[in-house]
Amino acid sequence: MRTVTVVGASLSGLYAARELRAQGFDGRLVIVGDEPHRPYDRPPLSKDFLTGRCGEDRLALSDAEESAELDAEWLLGSRARGLDLRDRTVLLNNGRTVSSDGVVIATGASARRLPGPELAGVHTLRTLDDARALRAELTTGPRRVVVIGGGFVGSETASSCAGLGHDVTIVEAAPLPLVPQLGPEMAALCAALHRRGGVDLVTGTGVAALRGTLTVTGVELSDGRLLPADVVIVGIGATPNTGWLAGSTLALHDGVLCDDGCVTALPQVVAVGDVARVGGTRAEHWTSATEQPRIAVRNLLVGHTVETCRPLPYFWSDQYGARIQFAGRRLDTDTVRIAEGTVTDGAPGEDGFLALYEREGRTTAVLSVDRPRPFMRARRELARYADAMEAAAP
């Protein structure tokens, strides 16, 4: 290969570029990014950056020295608008084309938005520019904040807003936040962190409409209630950025469909990170974005799938001064028990807890609140078992 184009100046895009050089690719390396920024770390946006404890300089994922070593051509502020596989070119919104022998798709995902007119005071939190705008609004005085969606981004943002002294309410359509990830018992324990942090939690109802003419004034719920609001943060998930691939021959279904090695139906095209549906699963987690590129790049350079990846799912979240960590593959039929620590009045005790999910006498997943060392031991055990099972598979 003489030219490889990485489409997406994201975490996974940067890791793919690093892997290309580390695995011996010495040709032309082009990195296309629709934002004007070099790759930056997104997890702090809803936490330390939003609260002002972290500046933009600490978000950068690479420095000038590494950029020089990568010897890449950066096309920032350029949105990909098409992939011409016949002519092997990436088409950009400025009319430019980039001829490529190999393509790494790392375009990530975009925050879902509510239907209706755009109102001032309504925010999503996915990009650095999103975080800049929200932080600026939160520093102008006390605000009534409504967070729509109690997932990781919504919960972390609510925690940060409460820490800044704002009046915060979370609206979650499900019975509890994080039920799909943790199951009802453990989701209830983690939901107690919101109450401990002084945040109101409204569950089991959706949003009917946003109120306001030019600026948001309230959130109308599907059960008829009206929540006054000066700031609304919409955290209802993300949509993979595959629109630019419409018309290509790549298979798309809630992401770019890949095999277990991140390879699409065309061996010269691989996908990584939030946009990639690898082996039937699309995982919007930091660990997936950093682990997939090594295998994807190896397969890209070889020209077919020689290595697959099925890493043990892992995620973490920081809320109200507590760190929540989860690893494994849980089923709704699994049982769960507290193996260490305490639960007090339906909430994690001061010493936190470690919970084990079990199936037929075997641990399938582990959840920790402020028990990092026991969690890491349990996570390693899960990973070793998963590796052994994969090695024993025919």
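Measuring r between the beta carbons of ARG362 and LEU214 and using R0 = 56 Å, the FRET efficiency lands at 0.45.
Shown for the range 321-392: the carbon plus sulfur share of the solvent-accessible area, taken with all protein chains present and a 1.4 angstrom probe, equals 49%.
Mean-square fluctuations from a GNM of the chain, with a 10 angstrom spring cutoff on Cα atoms, peak among GLY95, GLY273, GLY261 at GLY95. Solvent-accessible surface of the chain, averaged per residue with a 1.4 angstrom probe and all protein chains in place: 46 square angstrom.
Expressed as a fraction of 2.2 N^0.38 Å, the C-alpha radius of gyration for the range 1-84 is 1.18.
Among the protein heavy atoms of the range 139-290, carbon and sulfur supply 54% of the accessible surface, probe 1.4 Å, non-protein parts ignored.
What fraction of the DSSP beta bridges in the chain is antiparallel, stated in percent and rounded to the nearest 5? For the chain, the DSSP antiparallel bridge percentage is about 55. Descending by average beta-carbon neighbour count within 10 Å, the peptides 164-173, 192-201 line up as 164-173, 192-201, the highest first.
Hydrodynamic analysis of the range 113-234 uses the Kirkwood radius over alpha carbon pairs. Inserted into Stokes-Einstein at 25 °C and 0.890 mPa s, it gives a translational diffusion coefficient of 169 µm²/s. Using C-alpha pairs below 8 Å separated by at least 6 residues, the relative contact order for the range 113-234 is 32 percent. Helical runs (DSSP H, four residues minimum) scored at -39500 (n - 2.57) apiece and divided by the length of the chain put the mean residue ellipticity at 222 nm at -8000 deg cm²/dmol.
The THR205 and GLU56 beta-carbon pair, evaluated with R₀ = 41 Å, returns a calculated FRET efficiency of approximately 0.65. Under the membrane-span-like helix rule (DSSP H runs whose alpha carbons stretch at least 27 Å along the helix axis, mean Kyte-Doolittle hydropathy -1.0 or higher), the chain yields 372-392.
Here the chain is treated as an ellipsoid with the same Cα gyration tensor; its semi-axes, largest first and in whole Å, are 36, 28, 19. When +1 charges are put on Lys and Arg Cβ atoms and -1 charges on Asp and Glu Cβ atoms, the dipole computed for the chain relative to its Cα centre reaches about 240 debye. Rounded, prolate or oblate: pick one for the range 172-269, where a ≥ b ≥ c are the square roots of the eigenvalues of its C-alpha gyration tensor, a/c under 1.5 means rounded, and failing that, prolate if a/b is larger than b/c, else oblate. Taking the square roots of the gyration eigenvalues as a ≥ b ≥ c, the range 172-269 is oblate.
Highest GNM mean-square fluctuation among GLU56, GLU35, GLU360, for the chain modelled with Cα contacts below 10 Å: GLU360.
For ARG112, the amide hydrogen comes within under 5 Å of the amide hydrogens of ILE236, GLY237, ALA238, THR239, counting only partners 5 or more places away or on other chains and with H modelled in the peptide plane. For the range 165-267, the Cβ-based charge dipole about the Cα centre amounts to some 220 debye (Lys, Arg positive; Asp, Glu negative; other atoms uncharged). Beta bridges from DSSP with both residues in the range 256-394: antiparallel share about 90 percent, rounded to the nearest 5.
With a/c under 1.5 counting as rounded, go ahead and sort the range 292-371 into rounded, prolate or oblate using the C-alpha gyration tensor (a ≥ b ≥ c being the square roots of the eigenvalues; past the cut-off, prolate if a/b is larger than b/c, else oblate). Cα axes put the range 292-371 in the oblate bin.
Kirkwood radius for the range 222-365, taken over all pairs of different Cα atoms as the inverse mean of 1/r, rounds to 18.5 Å.
Beta bridges per DSSP, both residues in the range 113-234: antiparallel share near 35 percent.
The values are calculated or read from the model by the stated rules, or taken from the named source; none is laboratory data. Being a predicted model, the structure only gives us computed values, none of them experimental. Counting neighbours? That spans all protein chains shown, and the Cβs are built from the backbone with ideal geometry, glycine included. Areas reflect the complete protein model, heavy atoms only, side chains present, ligands, DNA and RNA absent. Shrake-Rupley method; radii C 1.70, N 1.55, O 1.52, S 1.80 Å.
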